[in-house]
Amino acid sequence: MNEATDTVHDVVIVGSGVAGLSAAVYAARADLEPIVLEGPEPGGQLTLTTDVENFLGFPEGVGGMELIQRGKEQAESFGAEFVHGTVEEATLEDRPFELGLSNGDTLRTTALIVASGASARWVGAENEDELMGYGVSTCATCDGAFHRGDDVLVIGGGDSAMEEALFLTKFADSVTIVHRRDELRASEVMAQRAHDHEKIEIRWNTELLEIHGSQDDGVTGATLVSHPDGYPTEKLESGHEVDREEVDVGGIFYGVGHVPNTDFLEDTPVELADSGHLETLEGMTTATAVEGVFGAGDVMDPDYRQAITSAGTGSMAALDAEEWLDEQALESDATPAPEIEAND
């Protein structure tokens, strides 16, 4: 798409995950003809989930990729246009806003919905690319129920890892927290809850090196490495001796945090939290401190991070944007035309 810079769109939506798609459906039905920017990972994190069982309206479950594809088709049927490109530079001091894309195009828009999501941190274990979504997960709330009766690993040592581990005790026979140091980064209360739980074991100074299994069979085991001084993979790479252990597990959960995709907003007036998440105004709104900029989904939600909540905030952002655009139009109509002096 070679976009002329003098074209000003009503709404541009950055992100094509479930939040962006929900915003696109609502904005398109309001005849706002939204442009939806698909980034480097179209569809977002949901495309890494094989089965979604907790999305309303799918009692038999639905594949993550299928849910995203249905959402895209729905948005397109109402008039949304999808464009491949990543925002590299955003100019938001004045309206219309300008977005410089990785493909060299520039988009201009009156309203902007940021639904660029958050990327889960991975640990670099062998086979994680192949098995992500097939027994390897970054979301216990999403996938924990698939591991009833399994022995599972949780990778990490912060609050996210403790929360994942404690949630998984509802389903798994045993939960082993794998942490590369000899003390947790988690808050004292969360660490104590994990310590005290009879189903949870903590493996200190240990890291995940390799994941065993296949997409047909799922995760069947893992190779762990350990060193008494911690950071065993670093020790291994530098030639030190480390202990290796093969373990039989049915699932592996990464609890090493998420990074909101807000790099393109760092030099703009949009406020970001210390975590990098987009800040919205207080109250039931998706509006930000910059008039005309709205947030939706994981990019502004560090707590829930569910498909259904992302879809909800996506619809809210579109409704907020529509109302704001209507107000702008009314103000423009109410502005008196300049007086024209008659020629003598």
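Quick note: the coordinates plus some simple rules give every number you see, no bench work behind them. Everything quoted here is computed from the prediction, not taken from an experiment. So basically every Cβ, Gly included, is an ideal-geometry build from the backbone, and we count neighbours across all protein chains shown.
Between residue 319 and residue 121, take the C-beta separation as r, use R0 = 41 Å, and let me know the FRET efficiency to the nearest 0.05.
Once rounded, the FRET efficiency stands at 0.80.
Of the peptides 305-315, 205-215, how do they stack up when ordered by the mean number of other Cβ atoms within 10 Å, highest first?
305-315, 205-215
Helices in the chain, meaning DSSP H runs of at least 4 residues, each add -39500 (n - 2.57). Divided by all residues, the mean residue ellipticity at 222 nm is -7500 deg cm²/dmol.
DSSP beta bridges fully contained in the chain are about 45 percent antiparallel. Calculated FRET efficiency, residue 181 to residue 146, Cβ-Cβ distance, R0 = 35 Å: about 0.75 to the nearest 0.05. If the chain linking residue 210 and residue 304 were pulled fully straight, counting 0.36 nm for each residue of separation and taking away their Cα-Cα distance, it would gain 30.9 nm.
Approximating the spin labels as points 7 Å out from Cα along Cα→Cβ, the residue 236-to-residue 189 distance works out to 3.7 nm. Using alpha carbons only, how many degrees (0 to 90, rounded to 10) separate the axis of helix 64-77 from the longest principal axis of the chain? Value to nearest ten degrees: 10. Relative contact order for the range 173-301: what is it in percent, counting Cα pairs under 8 Å that are at least 6 residues apart? With pairs under 8 Å counted, the relative contact order is 16 percent.
Computing FRET efficiency as 1/(1 + (r/R0)^6) for residue 198 and residue 279, where r is the C-beta to C-beta distance and R0 is 45 Å, gives about 0.65.
Starting from 0.36 nm per residue, how many nanometres of slack lie between residue 291 and residue 267 once their C-alpha separation is accounted for?
Numbers: separation 24, 0.36 × 24 = 8.64 nm, distance 1.64 nm.
In short, 7.0 nm is gained.
Residue by residue, the range 111-116 carries 3J(HN,Hα) couplings of 10, 10, 10, 8, 10, 7 Hz when phi is fed to the Karplus relation 6.51 cos²θ - 1.76 cosθ + 1.60 (θ = phi - 60°); x denotes Gly or Pro. Each Cα pair under 8 Å and six or more residues apart adds its separation to the average, and for the chain the resulting relative contact order is 20 percent. Among 52-59, 287-294, 178-185, the peptide with the highest mean count of other Cβ atoms within 10 Å heads the list, and the full ranking is 287-294, 178-185, 52-59.
Candidate cross-link partners of residue 170 among the lysines, defined by an alpha-carbon separation under 19 Å and a same-chain spacing of 8 or more, comprise 199.
Along the range 119-126 the Karplus relation, 6.51 cos²θ - 1.76 cosθ + 1.60 evaluated at θ = phi - 60°, assigns HN-Hα couplings of 9, 5, 6, 9, 10, x, 5, 5 Hz to successive residues, with x for each Gly and Pro. Helix 159-168 versus the longest principal axis of the chain: what angle, 0 to 90°, nearest 10, using Cα atoms? Long axis of 159-168 versus the principal axis of the chain: about 70 degrees. According to the Cα-based calculation, Rg over Rh for the range 122-214 is 0.94, with Rh computed by the Kirkwood formula.
Helix 307-334 and the long axis of the chain differ in direction by around 20°, with both axes built from C-alpha atoms.
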